[in-house]
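Reviewing the structure listed below.
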Amino acid sequence: MKIQLIINKFVQSVLLLSALLLAASAANASPEQENRVKPLPAIKGIKVLIIVSSDRHGFWLPEVVEPYQLLANAGYLIDIASPKGGQGRASGSSRLTEQHALWFEQSPLKRQLQHSMPLADVKPQAYAAVYFAGGAGPMFDLPDNKLVQQITRDIYEAGGIVSADCHGPAALINVMLSDGKRLVSGRQITAKANSEEGRWARNNYPFLLEDKIKALGGKYLAAAKNQPHVVVDGRLITGQNPASAIPVAKSLLRQLAKQSN
């Protein structure tokens with residue numbers, strides 16, 4: 001019996017390592033090579049939840065497509081949810097690489113974004129991780145959304161991973177844990193930097209993320225303007241800007257593999 005358990009553990013570890021290697025290969029492959037990457041069977045049925053904005057200002061499509069493709073190629077099951085459900089406004093499609101644009105048109109993600117799950121239907125216990133994509137919309141409809149806060153808290157307190165990129169961390173600023181502490185308080189975190197925000201953002205956003213995180217006791221960290229930058233603080237993973245979406249997804253994959261061992 002003990003020998004069989006050891007064998008099962010070894011096989012499980014090999015499958016997880018293979019998934020990570022495939023994800024890394026897909027992220028660094030040429031468009032021709034990446035198009036040939038075949039998804040693995042779902043790893044033990046592990047699910048990841050991606051949440052996008054329903055606000056009229058929209059979510060940033062590349063920050064959904066790029067992480068989704070890496071997670072899917074690594075064998076994870078992915079659900080898409082939004083505050084209102086259904087189809088939101090995707091922006092940034094012209095910023096997709098040719099390869100990502102072709103992949104998106106043929107992927108399940110396209111239909112999932114057209115029929116996203118309402119947050120009210122989300123069962124947090126079903127997910128090992130949650131990821132919040134950015135865009136202008138999250139600044140308006142995610143910070144004060146009670147379901148966003150509940151889902152994030154429940155996944156995190158069950159031992160899951162919380163991740164977000166660019167303006168996605170707006171969803172995290174008001175998440176209160178069961179012990180009364182704010183999720184971001186005292187934590188190393190990044191998000192869209194003040195230096196990266198333009199005039200429209202400064203005139204229309206309810207706050208700037210860098211300022212808000214610092215005001216709430218978060219340890220805000222940033223790299224140079226528009227450069228990829230990811231901060232990992234335990235099971236909290238954040239990216240600074242659109243260029244950080246793929247690095248965030250890679251960090252998420254590493255953390256998922258670590259927790260599955």
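The values are calculated or read from the model by the stated rules, or taken from the named source; none is laboratory data. It should be emphasised that the depicted structure is a prediction, and the values quoted were computed from it without experimental measurement. Please note: Cβ atoms are built from the backbone with ideal geometry, for glycine as well, and neighbour counts cover all protein chains shown.
Take the conditions touching a strand residue (DSSP E or B) at 6+ places or on another chain (Cβ under 7 Å), surrounded by 20 or more Cβ atoms within 10 Å (Cβ to Cβ) and without any contact (Cβ under 8 Å) to a residue 40 or more places away in the chain and apply them to T152. Does it pass?
Answer is yes for this residue.
Each row is one residue, and each column tells you yes or no for (1) touching a residue at least 40 places away in the same chain (Cβ under 8 Å); (2) crowded, with 19+ Cβ neighbours inside 10 Å; (3) closer than 22 Å to L71 by Cα.
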residue: A201; (1), (2), (3): yes, no, no
residue: P206; (1), (2), (3): yes, no, no
residue: A215; (1), (2), (3): no, no, no
residue: D233; (1), (2), (3): yes, no, yes
Within the bounds of the stretch 119-137, is there any residue that is within 16 Å of the chain's Cα centre (by Cα), crowded, with 22+ Cβ neighbours inside 10 Å, of a type in the set (A, V, I, L, M) and part of a helix (DSSP H, G or I)? no
Which residue pairs have Cβ atoms closer than 9 Å, lie 6 or more positions apart in sequence or on different chains, and pair a first residue in the stretch 110-129 that is closer than 15 Å to G88 by Cβ with a second residue that is part of a helix (DSSP H, G or I) and modelled with pLDDT of 95 or more? K110/F104; Q112/Y68; L113/V64; P118/L147; L119/L147; L119/V148; L119/Q150; L119/I151
Just wondering, is there one or more residues in the stretch 250-259 that are of a type outside the set (A, V, I, L, M, F, W, C) and modelled with pLDDT under 95? yes
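Only one of A42, A90, A81, A24 is in contact with a strand residue (DSSP E or B) (Cβ under 7 Å, 6 or more places away or on another chain), under 17 Å from S260 (Cβ atoms) and either surrounded by fewer than 18 Cβ atoms within 10 Å (Cβ to Cβ) or modelled with pLDDT of 95 or more (or both); which? First the steps, then the outcome.
Values: A90 fails: under 17 Å from S260 (Cβ atoms); A81 fails: under 17 Å from S260 (Cβ atoms); A24 fails: in contact with a strand residue (DSSP E or B) (Cβ under 7 Å, 6 or more places away or on another chain).
The unique qualifying residue is A42.
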Give the residue, chosen from V48, V65, that is part of a helix (DSSP H, G or I), closer than 24 Å to I161 by Cβ, modelled with pLDDT of 95 or more and among the aliphatic types (A, V, I, L, M). V65
Unmet requirement for A243, which otherwise passes all of (1) of a type in the set (G, A, S); (2) in contact with a Ser or Thr (Cβ under 9 Å, 6 or more places away or on another chain); (3) buried (at least 16 other Cβ atoms within 10 Å of the Cβ): (2)
So for the stretch 105-118 (the condition being surrounded by fewer than 19 Cβ atoms within 10 Å (Cβ to Cβ), modelled with pLDDT of 95 or more, under 19 Å from K192 (Cα atoms) and not acidic (D, E)), does at least one residue qualify? no
Hey, among the residues in the stretch 155-171 that are outside any helix (DSSP H, G or I) and over 14 Å from the mean Cα position of the chain (by Cα), which one's surrounded by the fewest Cβ atoms within 10 Å (Cβ to Cβ)? G159
